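Here, each number is a calculation from the coordinates, and none is a lab measurement. Because the structure is a prediction, the values reported are computed rather than measured. For neighbour counting, all protein chains shown are included, and Cβ atoms are generated from backbone atoms with ideal geometry for every residue, glycine included.
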Amino acid sequence: MDDCIFCKIVAGDIPSYTVYEDDVVKAFLDISQGTPGHTLVIPKKHVANIFEYDPELASQVFARIPKIATAIKASNPDIKGMNILNNNGEVAYQSVFHSHFHLIPRYTDHDDFKMIFKDNSDNYDEESYKKVQKSIIDQLGD
Ligand code: 5GP
Ligand code: ZN
């Protein structure tokens, strides 16, 4: 992908603060450093989002994440936890359309990262949960 900044980082045409690299993935510091140590793990192969992974690429990429996450955590005793985030589509805050996983170290519950999930359970009853459940199961096939 000629105009993809992450493909350019993989190719070495744009510099990055790489922390891990092998034949499948590259992991490098996110330029924004949402919290210190914020790292992106990307497949070297260009896939735009999670919907473009095949099972083999998914297993290869996911298999590498715990090792990188563990190294980040061990790099700083102040890191108490980590959010791992994967945005897919503009509506989901994806801004670079080469799939990537954010590894965001967490220091305190008032550091610079926040996530809001509204609890809408009051609006659901058994019938509405089951309707949503069926709509997804119907798409999974065997
Ligand atoms: P998204 O919003 O797509 O989930 O995340 C894209 C991330 O890529 C952002 O957190 C942004 O800071 C990071 N980013 C964008 N351009 C560059 C770049 O050239 N180098 C690095 N290291 N990170 C980048
Ligand atoms: Zn790319």
Test set (1) touching a residue at least 40 places away in the same chain (Cβ under 8 Å); (2) not in a loop (DSSP other than H, G, I, E, B) - S128 fails condition number: (1)
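Looking only at the stretch 19-74, count how many residues are assigned to a helix (DSSP H, G or I) and either within 14 Å of ligand 1 (Cβ to nearest atom) or among the aliphatic types (A, V, I, L, M) (or both). Working first, answer last.
Filtering the stretch 19-74 for residues assigned to a helix (DSSP H, G or I) gives 50-52, 55-74.
Retained after the next criterion (residues that are either within 14 Å of ligand 1 (Cβ to nearest atom) or among the aliphatic types (A, V, I, L, M) (or both)): 50, 57-58, 61, 63, 65, 68-69, 71-72, 74.
Residues meeting the conditions: 11.
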Of residues in the stretch 97-130 being among the β-branched types (V, I, T) and exposed (fewer than 15 other Cβ atoms within 10 Å of the Cβ), the one nearest to ligand 2 (Cβ to nearest atom): I116
Residue check for G89: free of Cβ contacts under 8 Å to residues at least 40 places away in the same chain, within 15 Å of ligand 1 (Cβ to nearest atom), over 15 Å from F113 (Cβ atoms) and out of contact with any helix residue (DSSP H, G or I) (no Cβ under 8 Å at 6 or more places or on another chain): no
Contacts under 6 angstrom Cβ, first residue in the stretch 65-80 being over 17 Å from Y107 (Cβ atoms), partner among the aromatic types (F, W, Y), 6 or more apart: I68/Y20
Index of the failed condition, L57 passing every other in (1) surrounded by 15 or more Cβ atoms within 10 Å (Cβ to Cβ); (2) more than 15 Å from the chain's Cα centre (by Cα): (2)
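Quickly run through the stretch 1-20 and pick out the residues that are surrounded by fewer than 18 Cβ atoms within 10 Å (Cβ to Cβ) and more than 15 Å from ligand 2 (Cβ to nearest atom).
Of all residues in the stretch 1-20, those surrounded by fewer than 18 Cβ atoms within 10 Å (Cβ to Cβ) come to 1-5, 7-8, 11-15, 17-18, 20.
P15, Y17, T18, Y20 - these are the residues of the stretch 1-20 that are surrounded by fewer than 18 Cβ atoms within 10 Å (Cβ to Cβ) and more than 15 Å from ligand 2 (Cβ to nearest atom).
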Residue under evaluation A63, criteria (1) hydrophobic (A, V, I, L, M, F, W, C); (2) more than 16 Å from ligand 2 (Cβ to nearest atom); (3) surrounded by 15 or more Cβ atoms within 10 Å (Cβ to Cβ), criterion not met: (3)
V41 vs. criteria crowded, with 16+ Cβ neighbours inside 10 Å and within 16 Å of ligand 2 (Cβ to nearest atom): yes
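Could you tell me whether L29 is under 14 Å from H102 (Cβ atoms), within 15 Å of ligand 2 (Cβ to nearest atom) and not basic (K, R)? Give the steps one after another, and end with the answer.
Working: under 14 Å from H102 (Cβ atoms): yes; within 15 Å of ligand 2 (Cβ to nearest atom): no; not basic (K, R): yes.
For L29, the condition - under 14 Å from H102 (Cβ atoms), within 15 Å of ligand 2 (Cβ to nearest atom) and not basic (K, R) - is not met.
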